[in-house]
Amino acid sequence: MASGEALWSERELILNISEIFAEANSELMVGIGDDAAVVSRPSSNLVVTTDMAVQDVHFKTEWSSAREIGKKVAAANLADIYAMGGKPRYLTVAMAATGGEELDWMLDVARGIADEVRITGAQVIGGDLTKGEKIVISITAIGECKNAILRSGAKVGDSIYVTTLPGWSAAGLIALQKKISGGAVDFAISEHRAPSVDYDNAEQIAINANSLCDISDSLLIQAEQLAIASGVEFEIDGELLKAHPEFAELSQVAVLLNVSVFDLILSGGEDHVFLATGHALKGFEIGKVRAGSGIRLTHLATPQPGWQHFS
């Protein structure tokens, strides 16, 4: 085989991927294999999002299996649909590959995407494939909702909720970097490789939420975005965070990694935990919405800044 020659043909890969994503659907008029997908839908509010994952930036092939990479990228898109109070329906997947990957590795990426997508009842209906110097996966998700929940809806007097405790993915990344494993650290590593998104709780918390978002960057960054958009102050209480059932275990992991547990919780990203404001929501309360602007931390030291794009 000539140097740089792909181990599989595009036609072979697409035929195999078509079988992986094949599902009967009366609304799908044209699926994988044509220039574009055509979906027959009645009038509704569509929710559309696109997310891109780049090798060695969002994932490392030496740390994660192909299936885990597929699940992780799909989860990022699906979470964004739920963060608008929507329900995902369809996804398209675009991927750049070097051509040196084994066919089974490529198919496992597709299988990982399919695994995650099927949890939500959505379906992959098309995409694109090209060659690149690194692996890049871009997914566009299309959903629908009756009333979108915006970041600008937080109101003074709201309580602030999370669906679960963030920080596990950040802990997993540090563990991989430091080559530490065992016990709860292994759970953190699995959450970094392929986060387990609580889609059911996302639907429940959205029912009465005034504002809602997905914590993909960090709790502090996303909370500040909601506060600025809503023209209010988010007061996050460290004592409430300590009361979370997962706090003690995450604290133990933080000690093993020699980092602050609050740095993990407040500055870690890629957990895809949902952050919402409202009253008596299905979630865990971590603070209050006050008159003012920005973020105020109580019973907490200022955390170290987390990772950001292009920093």
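The values are calculated or read from the model by the stated rules, or taken from the named source; none is laboratory data. Keep in mind that what you see is a predicted model, and the values were worked out from it rather than measured. Positions of Cβ are generated from backbone atoms using ideal geometry, with glycine treated the same way; all protein chains shown enter the neighbour counts. These accessible areas exclude ligands, DNA and RNA; they are computed on the full protein's heavy atoms, side chains included. Shrake-Rupley method; radii C 1.70, N 1.55, O 1.52, S 1.80 Å.
I'm trying to understand the selection: among the residues of the range 213-245, which are outside any helix (DSSP H, G or I) and open to solvent by 60 Å² or more (accessible area, probe 1.4 Å)?
Within the range 213-245, A243, P245 meet the criteria.
What pairs come up if the first residue lies in the range 45-74 and is closer than 15 Å to V93 by Cβ, the second is open to solvent by 10 Å² or more (accessible area, probe 1.4 Å) and part of a loop (DSSP other than H, G, I, E, B), and their beta carbons are under 6 Å apart, counting only those six or more places apart or on different chains?
From residues that are closer than 15 Å to V93 by Cβ, the pairs are K71/A194; K72/A194.
Checking the conditions here, which among S138, S152 is within 21 Å of V48 (Cβ to Cβ), touching a helix residue (DSSP H, G or I) at 6+ places or on another chain (Cβ under 6 Å), surrounded by fewer than 20 Cβ atoms within 10 Å (Cβ to Cβ) and of a type in the set (S, T, N, Q)?
The match here is S152.
Report yes if some residue within the range 88-100 is farther than 18 Å from E12 by Cα and open to solvent by 30 Å² or more (accessible area, probe 1.4 Å); otherwise report no.
yes
Looking at the structure I just gave you, is L150 aliphatic (A, V, I, L, M) and at pLDDT below 95?
Criteria met by L150.
Only one of these is surrounded by fewer than 21 Cβ atoms within 10 Å (Cβ to Cβ) and either touching a strand residue (DSSP E or B) at 6+ places or on another chain (Cβ under 6 Å) or not in a helix (DSSP H, G or I) (or both): I180, I205. Name it.
Of I180, I205, the one residue that is surrounded by fewer than 21 Cβ atoms within 10 Å (Cβ to Cβ) and either touching a strand residue (DSSP E or B) at 6+ places or on another chain (Cβ under 6 Å) or not in a helix (DSSP H, G or I) (or both) is I180.
Among the residues of the range 141-189, which ones are farther than 22 Å from S267 by Cβ and in contact with a Phe, Trp or Tyr (Cβ under 6 Å, 6 or more places away or on another chain)?
Correct list: I142 only.
When the range 118-152 is examined, which residues are found to be among the aliphatic types (A, V, I, L, M) and either more than 26 Å from A202 (Cα to Cα) or in contact with a Lys or Arg (Cβ under 7 Å, 6 or more places away or on another chain) (or both)?
A122, L129, I135, V136, I142
What number of residues in the range 101-135 are open to solvent by 10 Å² or more (accessible area, probe 1.4 Å), part of a loop (DSSP other than H, G, I, E, B) and at negative phi?
Adding up the residues that qualify gives 5.
State whether the residues of the range 24-33 include one that is at pLDDT below 80, open to solvent by less than 40 Å² (accessible area, probe 1.4 Å), at negative phi and assigned to a loop (DSSP other than H, G, I, E, B).
Yes, the range 24-33 contains a residue that is at pLDDT below 80, open to solvent by less than 40 Å² (accessible area, probe 1.4 Å), at negative phi and assigned to a loop (DSSP other than H, G, I, E, B).
Given the options A170, A248, name the one that is of a type outside the set (S, T, Y) and touching a residue at least 60 places away in the same chain (Cβ under 8 Å).
A170
Which residue pairs have Cβ atoms under 8 Å apart, sit 6 or more places apart or on different chains, and have a first residue in the range 189-203 that is within 17 Å of V253 (Cα to Cα) and among the acidic types (D, E) and a second that is open to solvent by less than 20 Å² (accessible area, probe 1.4 Å) and at pLDDT 95 or above?
Hits for this filter: E191/W168; E191/S169; E191/A171; E191/G172.
Of G85, G143, which residue is assigned to a strand (DSSP E or B), more than 16 Å from K71 (Cα to Cα) and at pLDDT below 95?
Answer to the check: G143.
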